[in-house]
């Protein structure tokens, strides 16, 4: 976005508070405790959501994808897939939540028990991702306590090796930066010169690093902000801050204070349910959003209204609609429609409707899909060779069927995995340059956007029925 357009968010708290009325529900009202009689209603709504989500995930056929590293044969095992949905009412209050895990331990999927007070779970022993374990070089079930993401869950009902979140972890960096903005440690307008070791990467205002990190998943900008947090002595406290909010599986470990890099599987962790709650905090809503196991009431005031609106604006400007939503692939017969989200106009070439972002020319006319869009999707994607993720906030567009929910998808389905529709583009002789994504620009298995579309359809139907029941 041009400097003049984005500057509305820099040092103009009053203007941001006004904009928040457009972006989402305001959460400045005093916290209100949920009536006890709502507990059973929440449990019932969550149970039905879990049944529907479990069916949707298990019917998505993730065990049918092809694996480039196996010469295009079918994936060796059911992949690890972690999907969470939080259903919101019109004002942004959570009314139901569900979390489904898929893995070789749970090939038909399993629902995760969720506490309606914390909107979290202690029923899963999450272990760090280990690619050697996934690829069979280690025993599948022999993870030690030292590999637990959150300690003390050896006897938990479920176990799950949590996939590396790839660039979805940049959401945590953005959150931490905005917490520091709220504390006055940094400002979005202040200049920051990024020295990557001895290499001078230039100077920009902090917001000029933040924007490309979120909207185009720019790695260089992320390195700059990670190093900024290191130099301010503020990265070390991120994990504790998230744990105190009850989001203990969200962790950033092992990054380099010299380059801002060293983002490694097994060191950076996210799970779908905790990520969904982080997005719930960014979305905001009146009253208590959840309570931590220690009894702390978490409200939208954990971030200022200005910071929440700014983060929402970045997520809303996401260019890479190619995972749960697939608008950049509009009209491609090899692609599946995803969440029917609009591609932000700033990325769309008015001459031919194509999108070029993150140094990728997607080459499809997105205008038909934008014309048919039903929602905005404020989200962040992530992908590497071995991992694929997407998570965000869905809001209906004016005139569309109402829906308001948060959805997060994490998996080990990176771009080494693909579908039969693009298999002819695979060229093993070129190594990783022969991935079908290189020539087709279809980077995710299309079972992911198909899942997004099905989740949106079920949420639209759920909220249509609720609206009818409330009349």
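Taking every residue in segment 168-189 that is over 23 Å from residue 217 (Cβ atoms) and pairing it with any residue that is in a loop (DSSP other than H, G, I, E, B) and at pLDDT 95 or above, at least 6 positions away or on another chain, the pairs with Cβ-Cβ distances below 7 Å are 182/303; 182/304; 185/232; 185/234.
Condition first: modelled with pLDDT of 95 or more, touching a strand residue (DSSP E or B) at 6+ places or on another chain (Cβ under 6 Å) and within 29 Å of residue 124 (Cβ to Cβ). Can you find one or more residues in segment 326-338 that meet it? Among the residues of segment 326-338, not one is modelled with pLDDT of 95 or more, touching a strand residue (DSSP E or B) at 6+ places or on another chain (Cβ under 6 Å) and within 29 Å of residue 124 (Cβ to Cβ), which makes the answer no. From (1) within 20 Å of the chain's Cα centre (by Cα); (2) closer than 23 Å to residue 357 by Cβ, pick out the condition that doesn't hold for residue 266. It is condition (2) that residue 266 fails.
Tell me the residue from 159, 176 that is touching a strand residue (DSSP E or B) at 6+ places or on another chain (Cβ under 6 Å) and either surrounded by 18 or more Cβ atoms within 10 Å (Cβ to Cβ) or in a helix (DSSP H, G or I) (or both), please.
The unique qualifying residue is 159.
This table checks each residue for (1) in contact with a helix residue (DSSP H, G or I) (Cβ under 6 Å, 6 or more places away or on another chain); (2) surrounded by 17 or more Cβ atoms within 10 Å (Cβ to Cβ); (3) in contact (Cβ under 8 Å) with a residue 12 or more places away in the chain.
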residue: 235; (1), (2), (3): yes, yes, yes
residue: 247; (1), (2), (3): yes, yes, yes
residue: 252; (1), (2), (3): yes, yes, yes
residue: 258; (1), (2), (3): no, no, yes
residue: 271; (1), (2), (3): no, yes, yes
residue: 274; (1), (2), (3): no, yes, yes
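Of everything in segment 125-146 that's without any contact (Cβ under 8 Å) to a residue 60 or more places away in the chain and not in a loop (DSSP other than H, G, I, E, B), which residue is nearest to residue 384 (Cα to Cα)? The residue in question is 132. Inspect segment 133-148 for any residue being buried (at least 23 other Cβ atoms within 10 Å of the Cβ) and in contact with a strand residue (DSSP E or B) (Cβ under 9 Å, 6 or more places away or on another chain) and give the result as yes or no. The answer is no, given that none of the residues of segment 133-148 is buried (at least 23 other Cβ atoms within 10 Å of the Cβ) and in contact with a strand residue (DSSP E or B) (Cβ under 9 Å, 6 or more places away or on another chain). Yes or no: residue 151 free of Cβ contacts under 8 Å to residues at least 12 places away in the same chain, part of a loop (DSSP other than H, G, I, E, B) and over 17 Å from the mean Cα position of the chain (by Cα)? It is true that residue 151 is free of Cβ contacts under 8 Å to residues at least 12 places away in the same chain, part of a loop (DSSP other than H, G, I, E, B) and over 17 Å from the mean Cα position of the chain (by Cα). Would segment 65-75 turn up any residue that is in a strand (DSSP E or B), at pLDDT 95 or above and more than 16 Å from residue 388 (Cα to Cα)? Yes - at least one qualifying residue is present in segment 65-75.
Based on what the data block shows, is residue 79 free of Cβ contacts under 8 Å to residues at least 60 places away in the same chain and either out of contact with any strand residue (DSSP E or B) (no Cβ under 9 Å at 6 or more places or on another chain) or assigned to a loop (DSSP other than H, G, I, E, B) (or both)? For residue 79, the condition - free of Cβ contacts under 8 Å to residues at least 60 places away in the same chain and either out of contact with any strand residue (DSSP E or B) (no Cβ under 9 Å at 6 or more places or on another chain) or assigned to a loop (DSSP other than H, G, I, E, B) (or both) - is not met.
One line per residue, one yes/no per condition, for (1) touching a helix residue (DSSP H, G or I) at 6+ places or on another chain (Cβ under 9 Å); (2) surrounded by 16 or more Cβ atoms within 10 Å (Cβ to Cβ):
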| position | (1), (2) |
| --- | --- |
| 324 | yes, yes |
| 332 | yes, yes |
| 344 | yes, yes |
| 362 | yes, yes |
| 366 | yes, yes |
| 369 | yes, yes |
| 392 | yes, yes |
| 399 | no, no |
| 402 | yes, no |
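Restricting attention to segment 305-351, the residues that are under 18 Å from residue 388 (Cα atoms), within 14 Å of the chain's Cα centre (by Cα) and in a helix (DSSP H, G or I) total 1.
May I ask you to verify whether residue 425 is within 30 Å of residue 461 (Cβ to Cβ), modelled with pLDDT of 95 or more and surrounded by fewer than 21 Cβ atoms within 10 Å (Cβ to Cβ)? In short, no.
Does segment 283-292 contain any residue that is crowded, with 17+ Cβ neighbours inside 10 Å and farther than 24 Å from residue 85 by Cα? No, the conditions are met nowhere in segment 283-292.
The values are calculated or read from the model by the stated rules, or taken from the named source; none is laboratory data. The structure presented is a predicted model; accordingly, all values stated were derived computationally and were not measured. So basically every Cβ, Gly included, is an ideal-geometry build from the backbone, and we count neighbours across all protein chains shown.
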